[in-house]
Amino acid sequence: MKGIVFLDRDGTLIEDVGYIKDPARVRILPGAVAALRSMAAGGYLLAVVSNQSGLARGKITRAEMEAVNGTFLAGFRKEGVVFDAVEYCPHHPQGAVAEYRRECPCRKPGIAMAEAVLRRLAVPESCPRFVVGDKMTDILFGIRLGAKTVLVGTGYGGPEREEARRGGVAPDVFLPGMPEAAQWILAEGRRS
């Protein structure tokens, strides 16, 4: 194992269409499949960690989220990509649905989802960690995790890059999308 890559879902691997409830709207972003294949072939574990506050906000149901997630996983599996772990946080402190209304350590930028994945996969502390996402919450999550961070230009990445420039917290690198992120991660792995 060369390392582990934590990946955001919406806006990073698939098109971000808001609170997605219809599985027919799942669209894999161009280049994402080849990027994930190259990292897996390079010895990297692939873990999806995604905030899904649409449940807490009452925008989607558990059944809708599970249907979308099933389509997401099946789409990548059909292309030869199987994720080593997939974690979702349904919570939000101002949620409309009482069951999911709370502060929780799994909601990014909290790192509880990643900690659960690291334990379950028995990833050694010394194993290199990377985070790829399209929002600053992904970058803050990565920083808290001690990972190298990539902000991609897909999804919310463009506007988030401007926020990073003003806010003082920045990713290790900003890249157009998953193909470039995979190349950068593989190059980082060769350097270490």
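The values are calculated or read from the model by the stated rules, or taken from the named source; none is laboratory data. If you're wondering where the values come from, they're calculated on a predicted model, not measured in any experiment. Positions of Cβ are backbone-derived with ideal geometry, glycine not excepted, and every protein chain shown enters the neighbour counts.
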From the option list 80, 70, 42, single residue qualifying as in contact (Cβ under 8 Å) with a residue 24 or more places away in the chain, in contact with a helix residue (DSSP H, G or I) (Cβ under 9 Å, 6 or more places away or on another chain), surrounded by fewer than 17 Cβ atoms within 10 Å (Cβ to Cβ) and on the phi > 0 side of the Ramachandran plot is 80
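Yes or no, residue by residue, for (1) surrounded by 20 or more Cβ atoms within 10 Å (Cβ to Cβ); (2) at pLDDT 95 or above; (3) of a type in the set (Ser, Thr, Tyr):
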| position | (1), (2), (3) |
| --- | --- |
| 93 | no, no, no |
| 114 | yes, yes, no |
| 124 | no, yes, no |
| 168 | no, no, no |
| 173 | no, yes, no |
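Okay, residues lined up against (1) in contact (Cβ under 8 Å) with a residue 24 or more places away in the chain; (2) not β-branched (Val, Ile, Thr):
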| residue | (1), (2) |
| --- | --- |
| 112 | no, yes |
| 116 | yes, yes |
| 123 | yes, no |
| 127 | yes, yes |
| 131 | yes, no |
| 135 | yes, yes |
| 140 | yes, yes |
| 149 | yes, no |
| 152 | yes, no |
The number of residues in region 6-34 that are closer than 27 Å to residue 144 by Cα, in a strand (DSSP E or B) and of a type in the set (A, V, I, L, M, F, W, C) is 3
If we keep only residues of region 4-39 that are more than 14 Å from the chain's Cα centre (by Cα) and at positive phi, then the residue surrounded by the fewest Cβ atoms within 10 Å (Cβ to Cβ) is 18
Given the conditions (1) touching a Ser or Thr at 6+ places or on another chain (Cβ under 9 Å); (2) aliphatic (A, V, I, L, M); (3) under 19 Å from residue 46 (Cα atoms), every one holds for residue 170 apart from (3)
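Just wondering, is there one or more residues in region 173-191 that are out of contact with any strand residue (DSSP E or B) (no Cβ under 9 Å at 6 or more places or on another chain), in contact (Cβ under 8 Å) with a residue 40 or more places away in the chain and under 29 Å from residue 43 (Cα atoms)? Break it down into steps so the answer makes sense when it comes.
Quick first cut of region 173-191, residues out of contact with any strand residue (DSSP E or B) (no Cβ under 9 Å at 6 or more places or on another chain) only: 179, 187, 190-191.
Filter once more, so that each one left must be in contact (Cβ under 8 Å) with a residue 40 or more places away in the chain: 179.
Pick out the ones that are also under 29 Å from residue 43 (Cα atoms) and you get 179.
Among the residues of region 173-191, at least one is out of contact with any strand residue (DSSP E or B) (no Cβ under 9 Å at 6 or more places or on another chain), in contact (Cβ under 8 Å) with a residue 40 or more places away in the chain and under 29 Å from residue 43 (Cα atoms), which makes the answer yes.
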